[in-house]
Amino acid sequence: MNKTTNKQLLEEKITKLIQTVEDAGSWKKPFKSVMTNGLPTNHYSKKLYKGINIFFLWFEAIEKAYQSNNWLTMKQCNELNAKVNKGEKATTIFFFKPLEKQELDESTGEMETVIIPMLKTYKVFNIDQTTLKPKEAKIEAMVNRISHCEEFFNQLDLCPIKNGNSPYYALKSDYISMPSINKFINAGEYYATLAHECIHATGHKNRLARNMNNKKEAYAYEELIAEIGACFISAHLNIDADDIQNNAAAYLKSWLKALKDDHKYLWKAMGEASRAYEYILDQSNPHELVAS
């Protein structure tokens, strides 16, 4: 029997993710409930997972109906004097580990050190699969959600936010236009939209310097990054907004052909959104992040 390689395992996980996204219903309803539990977090270290692993763990929680977004390894579970319940299966997540290798530089004839990213995996369990008490991992609902969101966005030092008739990020002038909150269906929709525009603002040349020209493909790709990043912020703030989920599903579906042609593209899109989210989070409430 041939052993499944890490690369094959990653391809299988991404294919499953794409199949889930193809069903917009599966994206919307369960994703809403997962968002109210925040982002996937390591229960032992309290660090957030990042990149495509966020989606792997989110969808695993949806599929298995876990009530928590807290995860940990078997070793970490044992160190907390707890055990993984009998018969439970682990969820595999991925990260790149730099490997140093000596290679001959043909132009100089000398040996040089080359850094090669090695795809590695490790296995985690949701705390619902363990003897840990669920209340240890549940995130309490915010008492005053609007005040919490206001505090979060007021602490950001990205660019000016100006009153406007429609929401957008002006790249050349580096400002965000936002209509009055009274023009939105509810406060959640307002903050979710603001989160989308803030993700756009991280792409400025003086910040993360993404390719943000107006060509069709680059524009659509940037919108995809903004929607995914806004989902991350919405989860962090417990924002319950349907439109942000519908838009995210629509953008992902529009890119399914490209994703199927090259699965690495999905990793790249998720990674860009994760970096934008981290950039914003570091300004408001810094976290150390784990698992790219």
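The values are calculated or read from the model by the stated rules, or taken from the named source; none is laboratory data. Here the structure is a predicted model, which is why all the values come from computation and not from measurement. Here the Cβ is made from the backbone with ideal geometry for all residues, glycine too, and neighbour counts use every protein chain on show. Protein only, heavy atoms only, side chains kept; ligands, DNA and RNA dropped before computing areas. Shrake-Rupley method; radii C 1.70, N 1.55, O 1.52, S 1.80 Å.
The table that follows gives values for the structure above.
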{"quantity": "Exceeding the 32 Å Cα-Cα cut-off - candidates Lys47/Lys215; Lys50/Lys89; Lys16/Lys83; Lys7/Lys101; Lys64/Lys183", "calculated": "Lys47/Lys215; Lys64/Lys183"}
{"quantity": "Residue-span extension gain [Ile116 to Ala65] - 0.36 nm each, minus C-alpha spacing", "calculated": "14.6 nm"}
{"quantity": "Sparse-neighbourhood loop sites, GluC sites (Glu not before Pro) in region 104-135 - DSSP loop, at most 16 other Cβ within 10 angstrom", "calculated": "Glu106"}
{"quantity": "Accessible area of region 75-118 belonging to carbon and sulfur atoms, whole % at 1.4 Å probe", "calculated": "51"}
